[in-house]
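Here the structure comes first, spelled out in structure tokens, and everything after it is commentary.
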Amino acid sequence: MSHVGCWAIVVCLAVTLTGCNVQSYPEDRPLAVPSLMPTLPPAPTVASSSGDAPLAQAADSSWIAAGSGVEIRRLRVEVEGSIADISIARLDPALVRFQAGYAPGQPQPLARWHAESGALAAINGGFFDEQLASTALVIHDGIINGESYVDRGGMFAVNSAGQITLRALAKQPYDPNEPLIEAIQGWPMLIAPGGSFASSLNDQEIARRSVVALDRSGRVLFIVTSSSTFTLRSLANWLVSSDLDLDAALNLDGGSSSGLIVESGDQRETVFPFVPLPLVLLALPR
């Protein structure tokens, strides 16, 4: 997962981090990612769409229209005796375009990424190392950064024709000759393309989680849990059994990095990360 909420603390503690070879592990083993977590993290801030009340206590808000091509949903679900608060943005690619935001070594608050890009929605990206660079491939505006995961993880991508894909790299590896203009990678796949349970992890760590997904209608979902409730395995189980009708789902960086901002129409939803981010995924108006 990622780093503490204060940049000064990140700098002071960065010496404690250790690197990893993200391509050397089988898909069903936990990935060792450099991580700094606050010892006493502040409670996550989750705002309602009106901006003046906390997250509603209803178990399911149902889908709320939030401007052209954007819907918001809030869920409270029980996970092994604990309550998970889940915020979801569902985005129509016919009306919304997607872009990776990447600033290696120069992280920004998610709110700044959102405001400066004019995004309708913004979610944190994949894993990054102690130098604040992505541990995997990132493509922005056709420019390739980093190296792809091999035989593991997945990739959300937009090609030159504007088509969106979300694929498992073990089954469909990245080809440098692909005409991709935007791409972001994560680990592990939680739902394999086709809608089946993808991760055989038996992890025990509960944390805040972030997910990018595609449903069977081709819509893109940004999913964030503001509470430390899910393991990766329990999250995959919940996604498969939910009514979201997902075709594929990919885990992004969680923990202190997990964040989502949606501002569209008269609706607003915010789950603030504890740290500035060098890597995000943005949904922009067409």
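Every read-out reported here was derived from the displayed coordinates using simple, explicitly stated rules and does not represent laboratory data. Owing to the predicted nature of the structure, the values given are computational and were not obtained by experimental measurement. Note: ideal-geometry Cβ built from the backbone for every residue, glycine included; neighbour counts use all protein chains shown.
Assuming T165 fulfils every condition listed in (1) surrounded by 15 or more Cβ atoms within 10 Å (Cβ to Cβ); (2) among the polar types (S, T, N, Q); (3) assigned to a loop (DSSP other than H, G, I, E, B) apart from one, which condition is it?
Of the numbered conditions (1) surrounded by 15 or more Cβ atoms within 10 Å (Cβ to Cβ); (2) among the polar types (S, T, N, Q); (3) assigned to a loop (DSSP other than H, G, I, E, B), the odd one out for T165 is (3).
Out of all the residues in the range 63-103, which are more than 17 Å from R268 (Cβ to Cβ), of a type in the set (G, A, S) and out of contact with any strand residue (DSSP E or B) (no Cβ under 6 Å at 6 or more places or on another chain)?
G81, A94, A103, listed by residue number.
Return the only residue of A157, A121 being in contact with a Ser or Thr (Cβ under 6 Å, 6 or more places away or on another chain), within 26 Å of A192 (Cβ to Cβ) and not basic (K, R).
Testing whether each residue is in contact with a Ser or Thr (Cβ under 6 Å, 6 or more places away or on another chain), within 26 Å of A192 (Cβ to Cβ) and not basic (K, R) leaves just A157.
Would you kindly identify the strands (runs of 3 or more DSSP E) lying entirely within the range 242-286 that contain at least 1 residues that are crowded, with 24+ Cβ neighbours inside 10 Å and of a type in the set (V, I, T)?
Result: 260-264, 267-271, 279-285.
Which one is farthest from V280 (Cα to Cα) among residues in the range 108-132 that are assigned to a loop (DSSP other than H, G, I, E, B) and under 16 Å from the mean Cα position of the chain (by Cα)?
L120
Going by the structure shown, is I83 outside any helix (DSSP H, G or I), within 23 Å of P285 (Cβ to Cβ) and β-branched (V, I, T)?
No.
Regarding the range 144-156, can at least one residue be identified that is under 22 Å from P285 (Cα atoms), touching a strand residue (DSSP E or B) at 6+ places or on another chain (Cβ under 9 Å) and without any contact (Cβ under 8 Å) to a residue 12 or more places away in the chain?
There is no residue in the range 144-156 that is under 22 Å from P285 (Cα atoms), touching a strand residue (DSSP E or B) at 6+ places or on another chain (Cβ under 9 Å) and without any contact (Cβ under 8 Å) to a residue 12 or more places away in the chain.
Of all residues being of a type in the set (D, E, K, R) and in contact with a Gly (Cβ under 8 Å, 6 or more places away or on another chain) in the range 113-162, which is nearest to A89 (Cα to Cα)? Just the residue, please.
Looking at residues that are of a type in the set (D, E, K, R) and in contact with a Gly (Cβ under 8 Å, 6 or more places away or on another chain), I get D129.
Name the pairs whose Cβ atoms lie under 6 Å apart, with the first residue in the range 203-232 and over 12 Å from G255 (Cβ atoms), the second hydroxyl-bearing (S, T, Y) and surrounded by fewer than 18 Cβ atoms within 10 Å (Cβ to Cβ), and 6 or more positions between them or separate chains?
T229/S82
Scan (1) surrounded by fewer than 22 Cβ atoms within 10 Å (Cβ to Cβ); (2) assigned to a loop (DSSP other than H, G, I, E, B) for the single condition I144 breaks and write down its number.
All conditions are met except number (2).
What are the residue pairs meeting all of these: first residue in the range 165-178, first residue within 13 Å of V150 (Cα to Cα), second residue among the basic types (K, R) and buried (at least 19 other Cβ atoms within 10 Å of the Cβ), Cβ atoms under 8 Å, and 6 or more apart or on different chains?
Final answer for the pair search is L169/R152; A170/R152.
State all residues of the range 194-216 that are among the polar types (S, T, N, Q) and surrounded by 15 or more Cβ atoms within 10 Å (Cβ to Cβ); if no residue qualifies, say none.
Correct list: S199, S210.
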